[in-house]
Structure formats: C-alpha cells, structure tokens
1. Kindly indicate whether Cys84 is surrounded by 15 or more Cβ atoms within 10 Å (Cβ to Cβ) and either modelled with pLDDT of 95 or more or not small (Gly, Ala, Ser) (or both).
2. Could you look through region 46-65, keep only residues that are touching a helix residue (DSSP H, G or I) at 6+ places or on another chain (Cβ under 8 Å) and not basic (Lys, Arg), and pick out the one that is farthest from Leu135 (Cα to Cα)?
3. Failed condition for Gly57, given (1) of a type outside the set (Ser, Thr, Tyr); (2) over 19 Å from Leu28 (Cβ atoms); (3) not in a loop (DSSP other than H, G, I, E, B), with all others met?
4. Quick one: count up the residues across region 28-76 that are closer than 23 Å to Thr117 by Cα and either crowded, with 16+ Cβ neighbours inside 10 Å or touching a residue at least 12 places away in the same chain (Cβ under 8 Å) (or both).
5. Test Ala91 against the stated conditions and say whether it is in contact with a helix residue (DSSP H, G or I) (Cβ under 7 Å, 6 or more places away or on another chain), assigned to a helix (DSSP H, G or I), farther than 29 Å from Leu6 by Cβ and small (Gly, Ala, Ser).
6. Run Glu115 past the list (1) more than 17 Å from Ile33 (Cα to Cα); (2) modelled with pLDDT of 95 or more and report the number of the one that doesn't hold.
7. Just to be sure, is Gln92 under 14 Å from the mean Cα position of the chain (by Cα), of a type in the set (S, T, N, Q) and farther than 26 Å from His12 by Cα?
8. Which residues, taken from region 1-22, are among the charged types (D, E, K, R) and not in a loop (DSSP other than H, G, I, E, B)?
Amino acid sequence: MTEDALRQKYPHAFWWSFGDSATMADELAALVISGKKKATCCSLAAFEQEQLRPWVGSYHIVLNGARQPACVIRTVAMQLIRFCDVTAELAQQEGEGDLSLRYWQDAHRAFFEREGTFAPAMELVFERFALIETL
C-alpha cells in the first residue's frame, strides 16, 4: 500500500517507530507483526512533551528501522502506572525478550536511562493495542 493510500485509509493515524534505534524499530515491529507484542509504554514525561497524544481508539502506522510502514495498530487501552508497579502480566504483554518481569525491568530501565527519565517510581503511560493490518 502506498503512503498516500495509507493516509487516506487512516487519515488521523500517528506515524512512528518503536525504540530509539533502527535495529530496535525492526525488532519491535517484527514482534507486533508476529502477535507477541500487544503493548508498549513510554515515560509520562515523554508523553507530556508530545504535541499530539494518542487516545483509546487511535490508529498508528508503525514504521520499521528504514522508516517504512510495517503495520497498523489501534490503541485499545491506556493507563498510568509507576515503573515499580509494572506486573509480570503487563511485562509479558510487551512481548520482549524472555517475557519475564526481570527482562522487562532491565531493558526498560536501560531505555529510560538513555532517555534521561529513569526513576524507580517514575510514571509510565502503558498502552495496549491490537494489530489491524500488516503492510
């Protein structure tokens, strides 16, 4: 599907990639497409800096590491939760690594440290989504 066709089909969709590198964008987009990744999170600080913020029902064009559309997802739930309160169930929904809470904590701590926002009690915007289509 062309970019113009995607913009017509999903006129208010957000266009973005997961992570903070092309490699991470490819890996996480592949997890979404495989059905393993059904959730994501960001720091509340990063969320508040966005001019346009997602909402329940919003569509997202997920880009791969080459900045090409990989799939379309739709936000189905959002919640605020502190980093230290993330459960094993929530960590598993992110679909990363061995799906354990420990893996999630280690990987996300490293990510938020790179972002400059990490604190054990930091607030996160945790977003669940559904895969709508693969591109």
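1. Judged against the criteria, Cys84 is not a match.
2. If we take residues in region 46-65 being touching a helix residue (DSSP H, G or I) at 6+ places or on another chain (Cβ under 8 Å) and not basic (Lys, Arg), then Ala46 is farthest from Leu135 (Cα to Cα).
3. (3)
4. Residues that pass the stated criteria total 13.
5. The answer is yes for Ala91.
6. Here Glu115 clears every test but (2).
7. yes
8. Glu3, Asp4, Arg7, Lys9
The values are calculated or read from the model by the stated rules, or taken from the named source; none is laboratory data. Remember, predicted model here, so these are calculated numbers, not experimental data. As a convention, Cβ positions derive from the backbone with ideal geometry for all residues, glycine included, and neighbour counts pool all protein chains shown.
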